[in-house]
Ligand SMILES: C[S@@+](CC[C@H](N)C(=O)[O-])C[C@H]1O[C@@H](n2cnc3c(N)ncnc32)[C@H](O)[C@@H]1O
């Protein structure tokens, strides 16, 4: 690893603790965007009554809570994340859904504090690519799965396939405001079906299936896109809001111009997004 893994772990934890309030504010938009991904993952693990499902890097636990609804009244879900503040959001959502078969636990996916073969399935949506050592996280995932248990995961496809992230990244980089070094893990680090397959095989998984899903981000206006990006991306938020007011206004105007080609005839922003989804058997 040509980056400082422990420094990455520390800053990741801090960033996600801070990002949680924005994620809670935007949970409905996120749910709508990501629903096809969660549905693919749930179908891939095919939860059965009585089973125990673990969600890793769960954030607000959207996918795990869908599984919990299918497992109720027997069987349940353990929703986990490194960030306590994310789990607070997940707890509120579970209680608003009236779910009683949900446990929550702070866990780091690189060293899962659970016994060998203790869960029937694992879900991890947009988590592994952010970890300092995804190979270890996948080995840990396999260790806690019972033999024959399934993992389902999602990682973003390339930056080029995800202009919602590519254009802001270009804007910052052209202004010399780019974030972490290229070697550090980030949303697009595992944007390759070959790499995901290699990691799953390396962790001992079999029956590997990988697909791409096309998603659409819809925003009422550029303003809406700007606000949601500040809410969801801590790195964008911190870099942009650290600039003097005049420069923030310049960044905003330039980004609005970059996104103009994505404006629909109704004046909405309609931005494509693409994710990889994968499933495999322990
Ligand atoms: C992009 S968010 C995705 C949240 C959720 N899975 C979803 O799809 O909405 C990434 C989440 O991964 C968590 N995370 C990152 N690295 C982790 C690790 N090593 N162990 C546990 N959680 C981690 C973060 O705290 C954050 O909540």
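Quick note: the coordinates plus some simple rules give every number you see, no bench work behind them. Bear in mind the structure is a predicted one, so any value in this text is a computation, not a measurement. Because the Cβ atoms are built from the backbone with ideal geometry, glycine has one as well, and the counts that use them run over all protein chains shown.
Data for the structure
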quantity: Nitroxide proxy distance, nm - points 7 Å out along Cα→Cβ at residue 4 and residue 260; calculated: 4.3 nm
quantity: Normalised per residue, the volume of the convex hull around the Cα set of the stretch 37-120 (Å³); calculated: 86 Å³
quantity: Net length gained if the chain between residue 246 and residue 230 were fully extended (0.36 nm per residue, minus Cα distance); calculated: 4.0 nm
quantity: Tilt relative to the chain, helix 84-96 - C-alpha long axis, 0 to 90 degrees, to 10; calculated: 70 degrees
quantity: Residues 29, 214, sorted so that the one with the fewest Cβ neighbours within 10 Å comes first; calculated: 214, 29
quantity: Value of relative contact order over the chain, rounded to a whole percent, pairs C-alpha under 8 Å and six or more apart; calculated: 22 percent
quantity: Near-label residues of the stretch 51-77 by backbone N, under 11 Å of a point 7 Å along Cα→Cβ of residue 92; calculated: none
quantity: Label point distance in nm, residue 274-residue 253, each placed 7 Å from Cα along Cα→Cβ; calculated: 3.4 nm
quantity: Ranking of 112, 228 by count of other Cβ atoms within 10 Å, fewest first; calculated: 228, 112
quantity: Tilt relative to the chain, helix 163-174 - C-alpha long axis, 0 to 90 degrees, to 10; calculated: 50 degrees
quantity: Cβ-based exposure ranking for 103, 17, 140, in which fewest neighbours within 10 Å come first; calculated: 103, 17, 140
quantity: Distance between modelled label sites at residue 84 and residue 31, nm, 7 Å Cα→Cβ extension; calculated: 2.6 nm
quantity: Helix 27-45 vs. the chain, principal-axis angle (Cα, 0 to 90°, nearest 10); calculated: 30 degrees
quantity: Choice from 164, 16, 111 showing the highest fluctuation, given a GNM over the chain with Cα pairs closer than 10 Å; calculated: 111
